[in-house]
Every structure is written in C-alpha cells, then in structure tokens.
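The values are calculated or read from the model by the stated rules, or taken from the named source; none is laboratory data. Keep in mind it's a predicted model, so treat the numbers as computed, not measured. Cβ coordinates were reconstructed from backbone atoms using ideal geometry, including for glycine residues, and neighbour counts include every protein chain displayed.
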Amino acid sequence: MDQSILLERLSHLSLEPNPALFQHAKERAESVESRIADRITAFAGSMRFVYLHVLWFGAWIGFRVEGYPYGLLTMIVSLEAIFLSTFVMISQNRADAKRQVVADLEWQTVREEDKQNQELLALSNQILELTKAIDARTNRQTGAT
C-alpha cells in the first residue's frame, strides 16, 4: 500500500500519548541520573557513536599512538564495554518499567471490564426473567380468553 494513502487513512486518528507512560516519563525526567543514563544510551545506540569509534580506532592505529598489540587501546575499549553494558541494563530496566506501567493499566482495565460484564450478565438475567414473566402472564391471559 502506498504510504501517502496509509497516512491519509490514519490522519483522522489522534495520536495522544498513553497517560500512564507520559506520567512515568515525567517522573523519570525528574531524576538527574535517569536523564544522564537516557542521553548516554541514546548516543551509544546511534550511528554517530559507531562512526566516532571507527574514526577513533583508525586514528589510534594510523597515527601509531601505541604499537601492536594495542594494550592501552584494548584496556580503554574494555572499560568502555563494561560501562556500556551497564547502560544497556539500565535501558532494559527502563523498558521493563514502561512495560510494567502498561501491564498494570491493562490489568486494571480488564478488572473493570470484568466487573461491567458481570453487571451486564446480571441485567440480562433480570431482563430474561421479566420477559419470561410477561410471556407467562400473556399466555395465561390468552389461554383464559
């Protein structure tokens, strides 16, 4: 399907953020540590990060900052990997927290819908009983005549 047709079909939909996720993001933004972690993970997960490292490694080796087997470079990269893996875990925890917010909201909705369904079933049963009573009375009156 052509993208312009799809956009036209979806243009009437309002794209409001999930209020629970919006509140969660607002609470997260209040923490300096969270904002720093978010910025680092956003940069570390970008192509700019990759290009910067290609240039850095190329310059390190090209300008012969140290000789092969590049012990200092290996140590620096290892330390960076340790910190980046920590930021990946922070990012995963953040994603899990978002999923939990949505799951809690969905569970609350399911419970409310279940309660409404129980009420609707009770009303349906009352209507059925009233219908049976009316039918029985109508049949008695018709049979008596």
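For (1) over 19 Å from the mean Cα position of the chain (by Cα); (2) at pLDDT below 85, each residue gets a yes or a no:
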{"site": "LEU10", "(1), (2)": "yes, yes"}
{"site": "GLU16", "(1), (2)": "no, yes"}
{"site": "LYS26", "(1), (2)": "no, yes"}
{"site": "ILE36", "(1), (2)": "yes, no"}
{"site": "PHE63", "(1), (2)": "yes, no"}
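Does VAL77 qualify as being without any contact (Cβ under 8 Å) to a residue 40 or more places away in the chain, assigned to a helix (DSSP H, G or I) and loosely packed, with under 12 Cβ neighbours inside 10 Å? Don't jump to the end; show me each part of the working.
Details: without any contact (Cβ under 8 Å) to a residue 40 or more places away in the chain: yes; assigned to a helix (DSSP H, G or I): yes; loosely packed, with under 12 Cβ neighbours inside 10 Å: no.
No: the conditions fail for VAL77.
From THR109, THR86, THR138, which residue is in a helix (DSSP H, G or I), hydroxyl-bearing (Ser, Thr, Tyr), surrounded by 10 or more Cβ atoms within 10 Å (Cβ to Cβ) and within 20 Å of the chain's Cα centre (by Cα)?
Exactly one residue qualifies, and that residue is THR109.
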Query raised in the report: part of a helix (DSSP H, G or I) and in contact with a His (Cβ under 8 Å, 6 or more places away or on another chain) - does that describe any residue in the range 115-134?
Result: no
Report task. Confirm whether ASP104 is surrounded by 10 or more Cβ atoms within 10 Å (Cβ to Cβ) and closer than 30 Å to ALA29 by Cβ. Result -> yes
